Amino acid sequence: MKLPLVSLAPLGLALALFVHAAPAAESSGKPTEINKVCPVSGKPVNPKITLAYEGQTYAFAEEACRTKWKASRESSLYHKLGGKPAIDAAVEAFYVKVLADDRIKHFFSDINMTKQRRKQKEFLSAAFGGPIPWAGKDMRTAHANLPGLNETHFNAVAENLQKTLVELKIKPELIAQVMAIAASTRNDVLNRPKGAK
Ligand code: HEM
């Protein structure tokens, strides 16, 4: 299976950009939903300039925006990993390991794991260069109230993520990219100063 993740740069664009636009006819007869703000330029979209990606139609202000957006999706780690189905499967398998790991499972005892899995899928998808920006908490805020959270716990989470990807037979070079992105969250997750080693 392929699996893909990102540059954290585009995380600022919010899901809120996607709103119900004028219904467009589809072969099913159902109205579809498109974004009103171009995800590349931030300008109002031209509803005739669209692109379908993973079942969602995205609209753009200009042709050049569509070209740029398409290229960045297709070159993303997200895409190389296999897109949504691959990320979803990996996060499911990852939390099976986390919840069985005596070093860290206590952190999740009071957590709604259905929500947690969904959020992690959304976060990692965005971080790997998926089409939908992360609209949840930043990593410092999300982990600010976990007493005792330290380096050992972070390493255990990273180990579980790596093992999951190896078991899913993800290519080593892609695993390395995923692990680098995970590592880039370390200081925030552990609530350390930004530049701490
Ligand atoms: C690669 C490192 C990590 C990433 C990318 C990550 C990602 C996330 C995300 C996306 C959320 C949800 C944020 C939201 O609510 O909007 C979250 C919450 C949480 N994470 Fe992490 N996490 C990481 C490391 C850890 C570690 C090391 C632990 C503990 C062993 C941990 C425990 C938790 C818990 C318990 C929550 C739920 C907090 C709450 O709902 O109050 N995470 N994490």
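What follows is calculated from the coordinates using simple rules that are stated; it is not laboratory data. Small disclaimer: the values here were computed from a predicted structure and weren't measured. Every residue, glycine as well, gets a Cβ built from its backbone with ideal geometry; the counts of neighbours run over all protein chains shown.
Give the residues of the range 159-197 whose amide nitrogen is closer than 16 Å to a point set 7 Å from the Cα of Val96 in the direction of its Cβ. Under 16 Å, as judged by backbone N against the label point of Val96, lie 160-170 of the range 159-197.
Other residues with beta-carbon under 12 Å from the beta-carbon of Thr67 carry, at +1 per Lys or Arg and -1 per Asp or Glu, a net charge of +1. For Tyr58, the residues 5 or more places off, or on other chains, whose built amide H falls under 5 Å of its own are Leu51, Ala52, Tyr53. Applying the Karplus relation 6.51 cos²θ - 1.76 cosθ + 1.60 with θ = phi - 60° to the range 182-197 yields 3J(HN,Hα) values of 4, 4, 5, 8, 3, 5, 6, 4, 8, 6, 9, x, 3, x, 4, 8 Hz, where x marks Gly and Pro. How big is the gap, in Å, between the Cα center of the range 123-181 and the Cα center of the range 29-96? Comparing the Cα centres of the range 123-181 and the range 29-96, I get a distance of 21 Å.
Per-residue Karplus couplings for the range 135-151, computed as 6.51 cos²θ - 1.76 cosθ + 1.60 with θ equal to phi - 60°, are listed in order as 10, x, 5, 6, 5, 5, 5, 4, 10, 6, 10, 10, x, x, 4, 9, 3 Hz, Gly and Pro entered as x. Listed by Cβ neighbour count within 10 Å, with the fewest neighbours leading, Ile132, Ile34, Ile111 appear as Ile111, Ile34, Ile132.
Phi angles of the range 73-88 translate, via the Karplus equation with coefficients 6.51, -1.76, 1.60 and θ = phi - 60°, into HN-Hα couplings of 5, 6, 9, 6, 4, 3, 5, 5, 6, x, x, 3, x, 6, 5, 4 Hz per residue; Gly and Pro are given as x.
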